[in-house]
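Inspection log for the structure reproduced underneath, given as structure tokens.
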Amino acid sequence: MKQTYGADSSSLDKNVDFIKNALFQSNDLKITRQDYKGSRGVLLFLESLADPELIERNILTPLNRSENKDLDEVFTTLSHTLESDPDKGVQGLLQGSSLYLMEGNEKFYILATPAQYSRSITEPENEAIIRGAHTGFIEDLKTNLYLIRKQISSRSLTVRYLSVGKTAPKQVALVYMNDLAEQQTIEKVESRLKEIPLDKIVSTGFIQEMMEDNPYSIFPQHLNTERPDHASAYLLTGHIAIMLEGDPTALIVPVSFFAFYKTPDDYNNRWMIASFVRIIRLISFVLAFQLPAIYIATVSFHSNVLPLQLFFTVQGSLTRIPYPPLVEAMFLELIFELLREAGLRLPSRVGQTIGIVGGLVIGDAIVKAGLISYTMIIVVALTAIASFLIPSNEMGAASAY
């Protein structure tokens, strides 16, 4: 039940108690007595979200020095709003703002004092390029929008904010070129965002899963990128970017299959070279997706299509293996995935050791033990290399699986 502000002597205490109870008596809620013009006043903020230096410099000091001014004149250096709904005040606290309440006033001030703990703008490790801007998105939404506007200085660039999540709502930005993106597509994306039934959104992966047309497909249907120049290139071709507060990844919708095989380096190379490299990437998709299946089908059922010399070589390596090629392939793929996951989870120095041990020691040992053939190791290695050529990690993983 919402509480309204009254003018009785106990209204200030009741309002403070309401906010304390709304935050379940959280210990990081700080309450400072700050009277003004002879009236009782209280300043509230969450020390884990608000900037104490900003509060001291732009709120407490002006209040102590400006006894003859109205409050609107005191808070001129901060973005602020007047509200009478305590629930909006609680929401403001959760966004890093401070609340200033006075006895007898029906409204209170929400003062923008968020703390800034943003990391530096660096190039994303999984999307490194040779030429071009070496910048990447970070976890601050306003900074990410700044990076996009620096790339696209156009009045047509439109940003629309939405709130997603019921229990812990987060701000989502819908970014598009108003004169290039289709209005029907914009409305469809906005509608799907509003229909997300989750209580909280941790990352853009949650949004991606809830918005897909085919959620059971192993192939990605949204392109994700951490590069402002990559996202801007798609915005200039009529696509829409979905950005989430606290996540450095932008989702690009709608996209086609070929969008997953483009990189910012393609725009910096001559068209002949860029086209050739894209063809190589498409060939790598076919290899990653079909090579093990083609090999198993050939050696198991259609070995007569192999040249005679190659036939004897392949069959000679398979005679020592006690199980069929299908089981052999699944066993080796499992070992490869174990080694890859171990390399990702361990520290970088140890991860390199795991790669050497897995590639040399374990690989050589299982061949000598007669568990895996040399030809199968070649096939799985080519499949892994081909999946690494695909710029999108999600598409590469789907192709390899």
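The values are calculated or read from the model by the stated rules, or taken from the named source; none is laboratory data. All of these numbers come straight from a predicted model, not from anything done at the bench. Methodologically, a virtual Cβ is constructed for each residue, glycine included, from the backbone with ideal geometry; neighbour enumeration extends over all protein chains shown. Quick note on the areas: whole protein, heavy atoms, side chains included, nothing else; ligands and nucleic acids left out. Shrake-Rupley method; radii C 1.70, N 1.55, O 1.52, S 1.80 Å.
With respect to (1) modelled with pLDDT under 90; (2) open to solvent by 60 Å² or more (accessible area, probe 1.4 Å); (3) over 30 Å from residue 115 (Cα atoms), the lone exception for residue 217 is condition (2). When the test is whether a residue is without any contact (Cβ under 8 Å) to a residue 24 or more places away in the chain and open to solvent by less than 30 Å² (accessible area, probe 1.4 Å), residue 266 passes it. Quick one: count up the residues across the range 175-189 that are open to solvent by less than 90 Å² (accessible area, probe 1.4 Å) and more than 14 Å from residue 158 (Cα to Cα). Residues that pass the stated criteria total 2. When residue 116 is tested against (1) closer than 23 Å to residue 170 by Cβ; (2) at pLDDT 90 or above, just one condition goes unmet, and that condition is (2). Screening the range 145-162 for residues that are open to solvent by 50 Å² or more (accessible area, probe 1.4 Å) and modelled with pLDDT under 90 and picking the one that is farthest from residue 133 (Cα to Cα) gives 155. Pairing residues of the range 35-57 that are over 15 Å from residue 101 (Cβ atoms) and modelled with pLDDT under 90 with residues that are loosely packed, with under 14 Cβ neighbours inside 10 Å and not basic (Lys, Arg), at Cβ distances under 6 Å and at least 6 apart in sequence or on separate chains, gives 48/28.
Looking at 97, 156, which is the one that is under 30 Å from residue 224 (Cα atoms) and not hydrophobic (A, V, I, L, M, F, W, C)? Just a single option satisfies the conditions, and that option is 156. Note on the range 258-341: enclosed helices (runs of 4 or more DSSP H) holding 3 or more residues that are more than 29 Å from the chain's Cα centre (by Cα) and of a type in the set (Gly, Ala, Ser) are 271-301. Scanning the range 194-231 for residues that are assigned to a helix (DSSP H, G or I) and under 11 Å from the mean Cα position of the chain (by Cα) gives 204, 205, 206, 207, 208.
For the range 23-65, a tally of residues being over 30 Å from the mean Cα position of the chain (by Cα), open to solvent by 30 Å² or more (accessible area, probe 1.4 Å) and not charged (D, E, K, R) returns 9. Restricting the search to the range 71-89, which residues are surrounded by 18 or more Cβ atoms within 10 Å (Cβ to Cβ) and either touching a residue at least 60 places away in the same chain (Cβ under 8 Å) or farther than 21 Å from residue 13 by Cβ (or both)? Of everything in the range 71-89, those that are surrounded by 18 or more Cβ atoms within 10 Å (Cβ to Cβ) and either touching a residue at least 60 places away in the same chain (Cβ under 8 Å) or farther than 21 Å from residue 13 by Cβ (or both) turn out to be 74, 75, 78, 80, 86, 89. What do you reckon, is residue 94 more than 24 Å from residue 391 (Cβ to Cβ) and open to solvent by less than 80 Å² (accessible area, probe 1.4 Å)? So residue 94 fails the test.
Scanning the range 346-401 for residues that are at pLDDT below 75, part of a helix (DSSP H, G or I) and open to solvent by 80 Å² or more (accessible area, probe 1.4 Å) returns 348, 349, 352, 356, 360, 361. Does residue 186 qualify as being farther than 30 Å from residue 288 by Cα, in contact with a Leu (Cβ under 8 Å, 6 or more places away or on another chain) and either of a type in the set (Ser, Thr, Tyr) or at pLDDT below 90 (or both)? No, not satisfied.
The residue list 300, 256 contains one member that is more than 23 Å from residue 147 (Cβ to Cβ), surrounded by fewer than 19 Cβ atoms within 10 Å (Cβ to Cβ) and touching a Pro at 6+ places or on another chain (Cβ under 6 Å), which is 300.
For residue 68, which of the numbered conditions (1) closer than 23 Å to residue 95 by Cα; (2) exposed (fewer than 15 other Cβ atoms within 10 Å of the Cβ); (3) modelled with pLDDT under 90 fails to hold? The one condition residue 68 does not meet is (1). Filtering the range 271-297 to residues that are loosely packed, with under 15 Cβ neighbours inside 10 Å and among the hydroxyl-bearing types (Ser, Thr, Tyr) leaves only 275.
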